[in-house]
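Structure record follows, encoded as C-alpha cells.
No lab work stands behind these numbers, since they all come straight from the coordinates. If you're wondering where the values come from, they're calculated on a predicted model, not measured in any experiment. As a convention, Cβ positions derive from the backbone with ideal geometry for all residues, glycine included, and neighbour counts pool all protein chains shown.
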C-alpha cells in the first residue's frame, strides 16, 4: 500500500497515539495531535530493530528554532 492511499493516516505515515484511526496532523481532515505521534498501524509497520518505522514525513517539517514540528 502506498502512503498516499492509506485511509488511516492520509499519507502522513503517523497517527495520533490517543486516536490511532486519525492522522497525526493539524493540516489533514480529521487530523489529531492531542497525543504523541505513533507509526501508522496500516502503512508504517516496523518489523523490529532492523526495519524501524519511517519518520521522513514527520521530521521534514520541524521548526528547529522553536523545537516544534508539524506533520503535514
* **Per residue, the convex hull volume that the Cα atoms of region 1-45 enclose (Å³)** => 52 Å³
* Provide the packing ranking of 33-39, 19-25, i.e. peptides ordered by the mean count of other C-beta atoms within 10 Å per residue, highest first. => 19-25, 33-39
